[in-house]
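Undergrad: Please find one structure pasted underneath; my questions will follow.
The values are calculated or read from the model by the stated rules, or taken from the named source; none is laboratory data. Bear in mind the structure is a predicted one, so any value in this text is a computation, not a measurement. Because the Cβ atoms are built from the backbone with ideal geometry, glycine has one as well, and the counts that use them run over all protein chains shown.
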Amino acid sequence: MKKCNIENELSFKIYVSPGCENRGDGTKNSPYSSIKEAQKAMRAEIAKGLDGDAAILFTGGTYYLDETVKIGFADCDKNHKVYYSSADGEDVTLIGGVPVTDWKECKDGVFYADISQIGDFYTLFCDGKRQRTARSGNMSGEGIKDTSHLQAVCENSSAWFGEILKVKSISENGIETFIRKCDWSGNFTYLCGAREFIKDAGDWAIEGNRVYFKPEDPKKIGESVIVAGTLDEIFTVRGEDEKPVKNVEICGFSLMMNAFGENLAAQSRPANILAEYDENINALVSLQNAENVTVKNCRMTYAGYVAVTLKGRCENNLIYANDIESPGYAGIFLIGENPGSLNYISKHNTVCCNRIRNAGEFVCHGAGIYLINSGENLITHNEIDSVPRYGISMKGMRYGVFHDNGIDGVPFEEHWKYNQTTKNVISYNKISNTGKRSADGGGIEGWGIGRDNVIDHNIICGAYCGKATENWRGHSIFLDDAAHHVTVTNNIIYDESAPAVNAGIFIKSIGNIVINNIFDVSFERNGAADIQPYICPAGDSVFERNIVYANGDGVIERDGTKKDGNGDRIMLSFGDGANSSGTPSLKSLKSMNRNLYFNKNGRALIDIGSRMMTFKEWQNAEENICGYDKESVCADPMFADAKNRDYRLRDNSPALALGFEPIDASEIGLTKDFLFE
């Protein structure tokens, strides 16, 4: 990995080698031995007034931290940047945990070590990989000697949330947890954290003052580096209300293996009361009351909860070109105050050129990027792959649950001020393999959000990768309840295998503008769009100048799987089966026109709920009371090579005559500034 290359551009610099035996004086040849010493020296220099940018430079090595690096108002300068960086050309790894040593063998390949000097922890790593907390489907708790670390887990592929909750007691009445289980997280499916559950290689648990572990290769346990994740956060950047931290950059580190805690609870508690637990958004790097802070070029691995969190008052910060893998909950999390607040304090941040893989290891509602009550952010050029529910999720509070959250007497026309997930631009991202453990997610999602969010120039592939199910399988762009006034343009959406998502996009609210997108519906059960108003106000949406294309044989079943058959494909689906919005689906669009539909290997069908019809039948159907698609056509769009995902249009494409503007996919995804392999 290329480092930040700042060493020669600084007016003042301090070197630190955390934990080295010699105290040092902060020079390159004699670095400070503690981060606190380095910060003390830097604060003194800042107090005198910096002449230019300055840095605390970490020399090469692997450092196990016993304290969070806390960066406050005294650590920043109003005119110049202060870096926390690896020294140029050196690999620096900061670990949020401590080694566990002196392992002794019990029996059956299980070893133990004394942890009386370490204390409680809920995550263990071996040779840089997270190990599995021992678990069992025996929910009685019978025979467990030490229940002090016992957790109950909800993990259901059709649930909206997953949870890991510390157990308070188990009796004939069932499991009682310290935090009440969410109504939407399904049933408890297993217990974890007891020594008696250890069975398979990689299992571990705590009993009394000992940790027990069954390694993959018992003969190599003496050579393995085994780490207990103990530190909630590695870097905490936190200013005060009137004194935000400004002009700080954290760059060029490998950050890994921090703590997981007693709980990872759902956002809804227990049902429609919306709030995120503080513990859930502990992070390798956490920003609060921060402005113009940059987190850049860091490799972040095995965060207990989140890799980077921007919480509370955060403005104009940059999260750039980081490589994030296997966080327990989410890759990057932006949250102002919890939904229901009128304080609009999280805004104007940029999340750019980050690669996020395997987020949400612990819960089925995990995501690559979360935004809750955070607006006017630019989320661009990121690559997100393999997540249990969402690639990018925007959350707020839909009007229908205002009363449940103690907000009454607000007319619908004035409710937007409570919905601060507004005016975000989500663009040029590549999102793949979402919905791996949830049947209600997708590539980009919104629920109860504010107005005027933009989803533009994204590639979304494989938005549902879970088990075949007739329940919701999510949507590539999932404009869920009260996702009003979202503009969706220039996106390319496709899947490569069954089971299929429900559709490319869900249109169920007010004023969704869907223009100039490519929907390859070869594996979408309901085609490009599910147009299905639900329980929120609906209407005035637009579906124009889109290409809806299929090149698949066989039949897509209700559960999303494929079987042999005639190759017919649904292009669009209108439905009113659960509609209480007051607006029928066939009247919910302000306009639908100048679209191109084509199925290379069968018929292009429109599903209007009561019957299936061909495109020509649809144009002339008496049910088409608003005259949708009168100028649309059914014709081959003439892609360059759709089979190999080259959706460029040839010069004589009939889509161009309809006003479709070619989409340049070459700029979508990570940029050349991403430095990791």
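Undergrad: Provide a single number: the residues in segment 20-69 that are assigned to a loop (DSSP other than H, G, I, E, B) and in contact with a His (Cβ under 7 Å, 6 or more places away or on another chain).
TA: So the answer is 3.
Undergrad: Sticking with this one: Tell me, which strands (runs of 3 or more DSSP E) wholly within segment 154-261 include 2 or more residues that are of a type in the set (Ser, Thr, Tyr)?
TA: On the way: elements: 163-171, 174-177, 188-192, 203-207, 210-213, 226-229, 235-238, 248-251, 254-256.
Here the list reads 163-171, 188-192.
Undergrad: Restricting to segment 444-474, what's the tally of residues that are in contact with a strand residue (DSSP E or B) (Cβ under 9 Å, 6 or more places away or on another chain), in a loop (DSSP other than H, G, I, E, B) and of a type in the set (Val, Ile, Thr)?
TA: Summing the residues that are in contact with a strand residue (DSSP E or B) (Cβ under 9 Å, 6 or more places away or on another chain), in a loop (DSSP other than H, G, I, E, B) and of a type in the set (Val, Ile, Thr) in segment 444-474 gives 1.
Undergrad: Would you point out which residue out of Phe506, Phe543 is in contact with a Phe, Trp or Tyr (Cβ under 6 Å, 6 or more places away or on another chain), assigned to a strand (DSSP E or B) and in the same structural domain as Phe639 (by TED's automatic domain parsing)?
TA: Numbers: Phe543 fails: in contact with a Phe, Trp or Tyr (Cβ under 6 Å, 6 or more places away or on another chain).
Result: Phe506 is the single residue among Phe506, Phe543 that is in contact with a Phe, Trp or Tyr (Cβ under 6 Å, 6 or more places away or on another chain), assigned to a strand (DSSP E or B) and in the same structural domain as Phe639 (by TED's automatic domain parsing).
Undergrad: Continuing with this model, one more query. Scan segment 598-633 residue by residue and report those that are over 37 Å from the mean Cα position of the chain (by Cα) and assigned to a strand (DSSP E or B).
TA: Met613, Thr614, Val633
Quick grid of which residues meet (1) outside the structural domain of Ala54 (by TED's automatic domain parsing); (2) surrounded by fewer than 22 Cβ atoms within 10 Å (Cβ to Cβ); (3) at pLDDT 95 or above; (4) among the small types (Gly, Ala, Ser):
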residue: Val245; (1), (2), (3), (4): yes, no, yes, no
residue: Cys251; (1), (2), (3), (4): yes, yes, yes, no
residue: Ser268; (1), (2), (3), (4): yes, yes, no, yes
residue: Leu284; (1), (2), (3), (4): yes, no, yes, no
residue: Asn297; (1), (2), (3), (4): yes, no, yes, no
residue: Tyr302; (1), (2), (3), (4): yes, no, yes, no
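Undergrad: Just the residues that are of a type outside the set (Phe, Trp, Tyr), outside any loop (DSSP other than H, G, I, E, B) and under 20 Å from the mean Cα position of the chain (by Cα), please, taken from segment 475-491.
TA: Those that are of a type outside the set (Phe, Trp, Tyr), outside any loop (DSSP other than H, G, I, E, B) and under 20 Å from the mean Cα position of the chain (by Cα): His475, Ser476, Ile477, Leu479, Val488.
Undergrad: A further question on this structure: Scan segment 361-414 for residues that are of a type in the set (Ser, Thr, Tyr) and part of a loop (DSSP other than H, G, I, E, B) and report the count. Spell out how you get there, then give the answer.
TA: First pass over segment 361-414, keeping only residues of a type in the set (Ser, Thr, Tyr): 370, 374, 380, 386, 390, 393, 399.
Still in the running and part of a loop (DSSP other than H, G, I, E, B): 374, 386.
Total satisfying the criteria: 2.
Undergrad: As an exercise: evaluate Lys417 against (1) in a loop (DSSP other than H, G, I, E, B); (2) touching a residue at least 60 places away in the same chain (Cβ under 8 Å) and give the number of the one condition it does not meet.
TA: Every condition holds for Lys417 apart from (1).
Undergrad: Same structure, new question: Among the residues of segment 276-289, count how many are in contact with a Gly (Cβ under 8 Å, 6 or more places away or on another chain) and either part of a loop (DSSP other than H, G, I, E, B) or under 18 Å from Asp53 (Cβ atoms) (or both). Don't jump to the end; show me each part of the working.
TA: Keep residues of segment 276-289 that are in contact with a Gly (Cβ under 8 Å, 6 or more places away or on another chain), which gives 279, 282, 284, 288-289.
In the following step, the residues that additionally are either part of a loop (DSSP other than H, G, I, E, B) or under 18 Å from Asp53 (Cβ atoms) (or both) were identified as 282.
So the count comes out to 1.
Undergrad: Test of understanding: among Arg558, Arg569, Arg525, Arg545, which residue is at pLDDT below 95 and over 26 Å from the mean Cα position of the chain (by Cα)? Please lay out each step first, then the result.
TA: Numbers: Arg569 fails: at pLDDT below 95; Arg525 fails: over 26 Å from the mean Cα position of the chain (by Cα); Arg545 fails: at pLDDT below 95.
Of Arg558, Arg569, Arg525, Arg545, the one residue that is at pLDDT below 95 and over 26 Å from the mean Cα position of the chain (by Cα) is Arg558.
Undergrad: Consider Ala44 against the criteria (1) aliphatic (A, V, I, L, M); (2) without any contact (Cβ under 8 Å) to a residue 12 or more places away in the chain; (3) in contact with a Gly (Cβ under 9 Å, 6 or more places away or on another chain): it satisfies all of them except one. Which criterion is unmet?
TA: Failing condition for Ala44: (3).
Undergrad: Another question, if that's okay. Take segment 565-581 and flag every residue that is surrounded by fewer than 19 Cβ atoms within 10 Å (Cβ to Cβ) and aliphatic (A, V, I, L, M).
TA: Result: Ala578, single match.
Undergrad: Hey, could you check segment 151-185 for residues that are in contact with a Pro (Cβ under 8 Å, 6 or more places away or on another chain) and charged (D, E, K, R) and say which is farthest from Arg437 (Cα to Cα)?
TA: Of segment 151-185, the ones in contact with a Pro (Cβ under 8 Å, 6 or more places away or on another chain) are 162, 180-183.
Cutting the leftovers down to charged (D, E, K, R) gives us 180-181, 183.
Details: Arg180: 22, Lys181: 19, Asp183: 18 Å.
Ranking the candidates gives Arg180 first.
Undergrad: Kindly indicate whether any position in segment 154-162 is surrounded by fewer than 19 Cβ atoms within 10 Å (Cβ to Cβ), under 30 Å from Leu274 (Cβ atoms), at pLDDT below 95 and among the aliphatic types (A, V, I, L, M).
TA: no
Undergrad: Would you mention how many residues in segment 427-470 are over 19 Å from Ile510 (Cα atoms) and among the aliphatic types (A, V, I, L, M)?
TA: Here the count works out to 6.
Undergrad: Let me ask something else about it. Looking only at segment 90-102, decide whether some residue is free of Cβ contacts under 8 Å to residues at least 60 places away in the same chain and either of a type outside the set (Asp, Glu) or surrounded by 17 or more Cβ atoms within 10 Å (Cβ to Cβ) (or both).
TA: no
Undergrad: Name, by its number, the condition in (1) at pLDDT 95 or above; (2) among the aliphatic types (A, V, I, L, M); (3) surrounded by 13 or more Cβ atoms within 10 Å (Cβ to Cβ) that does not hold for Ala47.
TA: (3)
Undergrad: So Phe235 clears everything in (1) buried (at least 21 other Cβ atoms within 10 Å of the Cβ); (2) over 30 Å from Glu249 (Cα atoms); (3) under 22 Å from the mean Cα position of the chain (by Cα) except one condition, right? Which one?
TA: (2)
Undergrad: Any residue at all in segment 550-559 that's in contact (Cβ under 8 Å) with a residue 12 or more places away in the chain, in a loop (DSSP other than H, G, I, E, B) and in contact with a Pro (Cβ under 6 Å, 6 or more places away or on another chain)?
TA: no
Undergrad: Now a separate question. Could you tell me whether segment 8-18 includes any residue that is crowded, with 17+ Cβ neighbours inside 10 Å, more than 31 Å from the chain's Cα centre (by Cα) and among the basic types (Lys, Arg)?
TA: Pass one, segment 8-18, residues crowded, with 17+ Cβ neighbours inside 10 Å: 10, 12-18.
Now restrict to residues that are more than 31 Å from the chain's Cα centre (by Cα): 10, 12-18.
Checking which are among the basic types (Lys, Arg) leaves us with 13.
Looking through segment 8-18, at least one residue is crowded, with 17+ Cβ neighbours inside 10 Å, more than 31 Å from the chain's Cα centre (by Cα) and among the basic types (Lys, Arg).
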